[in-house]
Amino acid sequence: MECLFCKIINREIPADIVYEDEHVLAFNDIDPKAPTHQLIIPKQHIATLNDIDPEHLAVVGRLQYTAARLAKEQGFAEDGYRVVMNCNGMGGQTVYHIHMHLMGGRQFTWPAG
Ligand code: AMP
Ligand code: ZN
């Protein structure tokens with residue numbers, strides 16, 4: 001499987017892992033866009049948001065739940081934070097294994113760029 005994030009899950013390439021359970025993994029983004037910038041991914045390979053099927057709904061919900069938990073644990077949940085999932089080229093997706101960006105520690109603006 002030539003998927004970067006599957007390789008991180010399988011420990012074939014290193015990452016700075018901040019959370020792991022049976023279903024999801026979270027690690028620091030290698031090129032952070034905020035003081036805290038983490039990626040939360042399902043352990044199951046799903047290429048894009050367009051590939052989410054009904055059987056994936058529990059793990060997709062778990063991405064959101066994990067983002068909020070990590071924000072609380074790291075102390076910026078009350079101030080606020082940004083979660084983003086990019087889809088395909090026009091959405092800015094560069095790694096084709098779905099991931100939720102969790103960004104905190106600075107003021108975000110809207111609309112996103
Ligand atoms: P996206 O553009 O939404 O597909 O996001 C992909 C993210 O993965 C980017 O923010 C990259 O900085 C990040 N990234 C790429 N390679 C790695 C890596 N080896 N470890 C951690 N984050 C990575
Ligand atoms: Zn993958």
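The values are calculated or read from the model by the stated rules, or taken from the named source; none is laboratory data. Being a predicted model, the structure only gives us computed values, none of them experimental. In this analysis, Cβ positions are derived from the backbone assuming ideal geometry, glycine residues included, and neighbour counts consider all displayed protein chains. The protein model used for the area step is the full one, side chains on, heavy atoms only, and it has no ligands, DNA or RNA in it. Shrake-Rupley method; radii C 1.70, N 1.55, O 1.52, S 1.80 Å.
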Q: Take the alpha-carbon centre of segment 1-28, take the same for segment 45-98, and report the distance between them in whole Å.
A: 14 Å
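Add -39500 (n - 2.57) for each DSSP H run of 4 or more in the chain, then divide by its residues: what number comes out at 222 nm, to the nearest 500 deg cm²/dmol?
Numbers: 3 runs with 27 residues, N = 113.
Estimated from H runs of four or more residues: -6500 deg cm²/dmol.
Over the chain, with every protein chain in place, what whole percent of the accessible area is carbon and sulfur at 1.4 Å, could you tell me?
Values: 3550 of 6750 Å².
For the chain, the apolar C and S fraction of the accessible surface comes to 53 percent.
Stretch Ala58-Arg106 to full length: gain in nm at 0.36 nm per residue minus the Cα-Cα span? List each step's numbers first, then the result.
Details: separation 48, 0.36 × 48 = 17.28 nm, distance 3.00 nm.
Full extension from Ala58 to Arg106 adds 14.3 nm.
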Q: Let me know the volume per residue of the alpha-carbon convex hull for segment 1-59, in Å³.
A: 107 Å³
Q.
Lone cysteines in the chain, defined as no other cysteine's Cβ under 4.7 Å from theirs: which are they?
A. Cys87
Q. Normalised by the residues of segment 4-104, what does the relative contact order come to in percent, with Cα pairs under 8 Å and at least six apart?
A. 31 percent
Q) Using Cα atoms only, what is the angle between the long axis of helix 57-73 and the major principal axis of the chain, expressed in degrees (0 to 90) to the nearest 10? A) 30 degrees
Q) Which of the lysines could a cross-linker bridge to Lys43, judged by Cα under 20 Å and excluding same-chain residues fewer than eight apart? A) Lys7
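On a 1.4 Å probe surface of the protein chains, which of Leu70, Leu57 comes out largest in accessible area, and what is the full order?
Values: Leu70 10, Leu57 110 Å².
Result, largest first: Leu57, Leu70.
Find the accessible area per residue for segment 4-104; the probe is 1.4 Å, ligands and nucleic acids are left out, and the unit is Å². Walk me through the numbers on the way to the answer.
Values: 5490 Å² over 101 residues.
Roughly 54 Å² per residue, with all protein chains present.
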